[in-house]
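The values are calculated or read from the model by the stated rules, or taken from the named source; none is laboratory data. All values reported here derive from a predicted model rather than from experimental measurement. Neighbour counts run over all protein chains shown; Cβ positions are idealised from the backbone, glycine included. All accessible areas refer to the heavy atoms of the entire protein, side chains included, with ligands and DNA or RNA removed. Shrake-Rupley method; radii C 1.70, N 1.55, O 1.52, S 1.80 Å.
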Amino acid sequence: MKIYLIYLLKIMMFIYITFIIVCVYNEDCTYMELTGSIIMPTPDNSFGTSDFNGLVKYNIKDRNGILILDDLYCLYPCYSISKNKIMFIGWDNYLYEYDFNIGKLRNILVENGINYPKYVPNSNCISYIKDYKMVIYNLEDTTKKEIDNVTLGEYSWSNDGKSFVYNKDVSGNHNIYKYNLEDDTSISLFKGSCPIYSIDNKYIAYFPGSLYGEIAVRNMETGEEKKTREKGCHYFKFSPKGDKLAYMMSSGKYEDSLIIWDYATNKTCTLLEGIKQERGFEWIKN
């Protein structure tokens, strides 16, 4: 009888979670051609947990979602495009990985002080920032490569895994650099911070001014830029196609909204509102 009640409770919780996620969808986004899913830490305590644990995988087109890993605290999820895996920092500050193909969770690194974990494309490595150093960690042989003078903050790998863009404080000013792993050289690109590549590496999104302000998207071939109208933006990701940008924007005391920006047309829409636990997100293919 006890097992039956637990099973029934789980079914009811799943139905409730799906209902809540559908309800918070903002109809303003229906005119945009949007595909893929948003993966983010539980945005508020109405998603089946009272302690904000778990990850929500929200299908944008179908307007529904599911809660996974509901017994774990998940911070700054990072998705591996080629391997269908997601990596995140847990409540103990250790690094975990969830494999969507087999539904399996594993602890991949026991080390405190890790920030901004990323998969390195075309390799068996991951990377993270610790003590103002970039650490590239090989998951197979557990060897490490450290790169000094990388400022704590968002960075992004090229799609071939041979270089990355990052920001560094130079005389009080933030500048975006590109680091080449083949010859361990770094070149300055332009002023700004927290750079992120589009999937084809043709665009870089970044903060042109102070952190948590407006966002710029730069065409790396022409140098042309588009900027958001809002000033309270923070944490952003390109769409799987690279033609749009999703970003968090402060919408009230301790609350955020998830905005979708078509930077080609400069149109925006609100996808989700009332987000109370902003700990990063990913926009992935289904």
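Values computed for the structure shown
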item	result
For Ser186, net neighbour charge (Lys/Arg +1, Asp/Glu -1) across residues whose Cβ lies under 9 Å away	+1
Pair-distance profile P(r), taking every C-alpha pair of segment 51-159, with 5 angstrom steps and integer %	2, 11, 21, 24, 20, 12, 6, 3, 1
Highest-fluctuation residue, Trp91, Trp157, Trp261 considered, GNM on the chain with Cα pairs under 10 Å	Trp91
Convex hull volume per residue for segment 169-286, taking Cα atoms only, in Å³	134
Around Arg229: net Lys/Arg minus Asp/Glu count, Cβ-Cβ under 11 Å	+2
Cα-based Rg of segment 234-280 normalised by 2.2 N^0.38 Å, two decimals	1.14
Where Lys191, Lys237 fall by accessible area, highest first, once all protein chains stay in place (1.4 Å)	Lys191, Lys237
Helical mean residue ellipticity (222 nm; -39500 (n - 2.57) per DSSP H run of 4+; nearest 500) of the chain	-2500 deg cm²/dmol
Residue among Leu67, Leu181, Leu272 with the largest mean-square fluctuation in a Gaussian network model of the chain, springs linking Cα atoms under 10 Å	Leu181
Choice from Lys253, Lys276, Lys202 showing the highest fluctuation, given a GNM over the chain with Cα pairs closer than 10 Å	Lys253
Cα-based radius of gyration of segment 137-206 once divided by 2.2 N^0.38 Å, which approximates compact folds	1.14
Filter on Lys133/Lys267; Lys178/Lys253; Lys145/Lys202; Lys144/Lys226; Lys83/Lys133; Lys83/Lys267 - keep pairs with C-alpha separation over 30 Å	Lys133/Lys267; Lys178/Lys253; Lys144/Lys226; Lys83/Lys267
For segment 100-227, Kirkwood radius (reciprocal of mean inverse C-alpha pair distance, Å)	15.6
Tail fraction, Cα-Cα pairs, the chain, threshold 36 Å, whole percent	15
